[in-house]
Amino acid sequence: MSTAVCWLRRDLRLHDNPALRAACAEADAVVPLFVLDPRLLRGPRMSRARLAFLADALADLDARLRERGGRLVVRHGDPAEVVPAVAAEASATRVHWHHDVTPHATARDANVAAALQRLGAHHVAHEAVVIQPPGTVRTKAGQPFKVYTPFAKAWRALGVDEPRAEPGRVTVPATVEGQPPPTLADLGVTEADRALAGGEQAGLARLERFLAGPVDAYDARRDLMAVEGTSRLSADLHYGTVSPRQVWAGLADEAAHRAFADELIFREFYHHVLAAWPEAATTEWSPRFRDLPWGGHGPAFEAWAQGRTGYPIVDAGMRQLASTSWLHNRARMIVASFLCKDLLVDWRLGEAHFLRHLVDGDIASNNGGWQWAAGTGTDAQPYFRIFNPVRQGQRFDPDGAYVRRFVPELAHVPDRFVHAPWTMGPLEQEAAGCVVGRDYPEPIVDHAAARQRALEWFATHARD
């Protein structure tokens, strides 16, 4: 009886899973393997919410495999040791997985491939983390794109295949043993850390709800921060409990849903960028900005991280992140701009802070978004474009509902002052129960002065 191994990572689903389908098609038996890598589970950038989501996703995947006669084989350890060991136990000569572009994943997969080769086994890398494989969307000169708009045009021109069907029966060799899927306690988290129910069934239910109506109003509502106008699929796409191709296939009219389609393609863009320039994971993508003397940890960063900057829309965003492990996309842009441009603090500190809290925490998207906000990346927000936190709040939270939800000190501040409470007079502050400097912080910087300082700072330190 022939056996293949399917090493699952960011593809915790049965639907549209090319690696699993290929393994099932070529062999009589398949080992669906997940490796609990302690370097990731205990890494400094792992969030408790993601661990809780992962526990849900693995339990759900195991249950769905058992419905088809199989099971999930869970092992603990270094994948470079575990994957070849499982292949040897199963007498498998081929191991299937899906390509990933992060520097950690690239190095890890190379180590596993080399170890398999020493055993006389081979690996087959499929595509499922993104729709268009990195390296396939190129300029006419054959170079990777640096700007989103032409990338999106070329991406669309390639077309999108239909999602693959789920496998029918999955037969796992009885001789290959594994641990049961980890519980929350096994991963060192609790029920309180579950920010979002994980798993394929929960993800597909979220997708169905979004496609049943909210997607039609996405363009009009996505930036309104107090409104549930986004898909909330970011964690599902990160862990692969929902396939990006399945999401795309659900857009009955891509032209009508172009704003949401563009967000999916933007996700692909950042994965392609990281694949082409892996150094961007730790350094500025643009050489022009690699000598900037960014600020580090200190009172300004701590005030930002704690949601105590004195700017309500910034503080609401940071408190939403801390309390829910998720952050509205408009808020992500606002708080990132404030840290990098109002405070001149290193974008890498903000990027790491996000990863320590977010339930999605996608490396490529998080890095791309932070470099965009800092003005250092591809297709970036230019350094001279600096979000005004008061105007952003007034525009995207006009009645202050979002701010009041996460900054209860401002609950009774009138709408006209809620995004700039320091502009209230003393009697108005007392009447609102919010004395600035006592009940709510004074602004840690004057935005107009900080903006001018940032313009001069970038102009002085950027390379010609």
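The values are calculated or read from the model by the stated rules, or taken from the named source; none is laboratory data. The model shown is predicted, which means the values in this text are computed figures rather than measured ones. Cβ: placed from backbone, ideal geometry, glycine included. Neighbour counts: every protein chain shown.
Restricted to the stretch 419-464, and to residues that are polar (S, T, N, Q) and over 21 Å from R308 (Cα atoms), which residue is surrounded by the fewest Cβ atoms within 10 Å (Cβ to Cβ)?
Residues of the stretch 419-464 polar (S, T, N, Q): 423, 429, 452, 460.
Among the residues that remain, those that are also over 21 Å from R308 (Cα atoms) are: 452, 460.
On the way: Q452: 12, T460: 9.
Among those residues, the one meeting the criterion is T460.
So which of V172, V227 is part of a loop (DSSP other than H, G, I, E, B) and over 23 Å from the mean Cα position of the chain (by Cα)? Testing whether each residue is part of a loop (DSSP other than H, G, I, E, B) and over 23 Å from the mean Cα position of the chain (by Cα) leaves just V172. Of the residues making up the stretch 230-244, those that are crowded, with 19+ Cβ neighbours inside 10 Å and part of a loop (DSSP other than H, G, I, E, B) are T230, S231, L233, G240, T241, V242, S243. If the condition is being more than 21 Å from L355 (Cβ to Cβ) and either free of Cβ contacts under 8 Å to residues at least 60 places away in the same chain or in contact with a His (Cβ under 8 Å, 6 or more places away or on another chain) (or both), then the stretch 300-332 contributes Y311, P312, I313.
Considering only strands (runs of 3 or more DSSP E) fully contained in the stretch 20-126, which possess at least 1 residues that are surrounded by fewer than 16 Cβ atoms within 10 Å (Cβ to Cβ) and at negative phi? Break it down stepwise before answering.
Details: elements: 29-36, 73-76, 94-98, 122-126.
Ranges flagged: 73-76, 122-126.
The set of residues from the stretch 196-224 being over 23 Å from D100 (Cβ atoms) and part of a loop (DSSP other than H, G, I, E, B) comprises A197, A212, G213, R222, D223, L224. Of all residues in the stretch 291-326, which are surrounded by fewer than 18 Cβ atoms within 10 Å (Cβ to Cβ) and part of a helix (DSSP H, G or I)? Passing the criteria: P299, E302, Q306, A322, S323, T324.
Determine if the stretch 143-152 includes at least one residue that is more than 17 Å from P244 (Cα to Cα) and either assigned by TED's automatic domain parsing to the domain that holds N17 or touching a Gly at 6+ places or on another chain (Cβ under 9 Å) (or both). Checked the stretch 143-152: at least one residue is more than 17 Å from P244 (Cα to Cα) and either assigned by TED's automatic domain parsing to the domain that holds N17 or touching a Gly at 6+ places or on another chain (Cβ under 9 Å) (or both). As a summary of the residue check, Y148 satisfies the conditions (1) under 19 Å from L237 (Cα atoms); (2) crowded, with 19+ Cβ neighbours inside 10 Å except for the one numbered (1).
Looking at the stretch 369-392, which of the residues that are among the small types (G, A, S) and touching a Lys or Arg at 6+ places or on another chain (Cβ under 9 Å) is surrounded by the most Cβ atoms within 10 Å (Cβ to Cβ)? Talk me through it step by step, then tell me what you get.
Start the filter on the stretch 369-392 by keeping residues that are among the small types (G, A, S), which leaves 369, 373-375, 377, 380.
With the extra rule that they be touching a Lys or Arg at 6+ places or on another chain (Cβ under 9 Å), the set shrinks to 369, 373-375.
Details: G369: 22, A373: 25, A374: 29, G375: 25.
The extreme case among them is A374.
Restricting attention to the stretch 270-281, the residues that are part of a helix (DSSP H, G or I) and among the aromatic types (F, W, Y) total 1.
Residues of the stretch 147-177 that are in contact (Cβ under 8 Å) with a residue 40 or more places away in the chain and of a type in the set (G, A, S): A152, A165, G168.
So, E284, is that one surrounded by 15 or more Cβ atoms within 10 Å (Cβ to Cβ), outside any helix (DSSP H, G or I) and among the acidic types (D, E) or not?
Values: surrounded by 15 or more Cβ atoms within 10 Å (Cβ to Cβ): yes; outside any helix (DSSP H, G or I): yes; among the acidic types (D, E): yes.
Spelling it out, E284 is indeed surrounded by 15 or more Cβ atoms within 10 Å (Cβ to Cβ), outside any helix (DSSP H, G or I) and among the acidic types (D, E).
Residues of the stretch 430-448 include none that is out of contact with any helix residue (DSSP H, G or I) (no Cβ under 8 Å at 6 or more places or on another chain) and modelled with pLDDT under 95.
Within the stretch 380-409, residues that are part of a helix (DSSP H, G or I) have Cβ atoms under 6 Å from residues that are at pLDDT below 95 in no pair, counting only partners at least 6 apart in sequence or on another chain. Could you list all residues from the stretch 330-366 that are more than 20 Å from A280 (Cβ to Cβ) and among the small types (G, A, S)? Across the stretch 330-366, the qualifying residue is only A331. Exactly one residue out of R45, R71 is more than 22 Å from A275 (Cα to Cα), out of contact with any His (no Cβ under 7 Å at 6 or more places or on another chain) and basic (K, R): that is R71.
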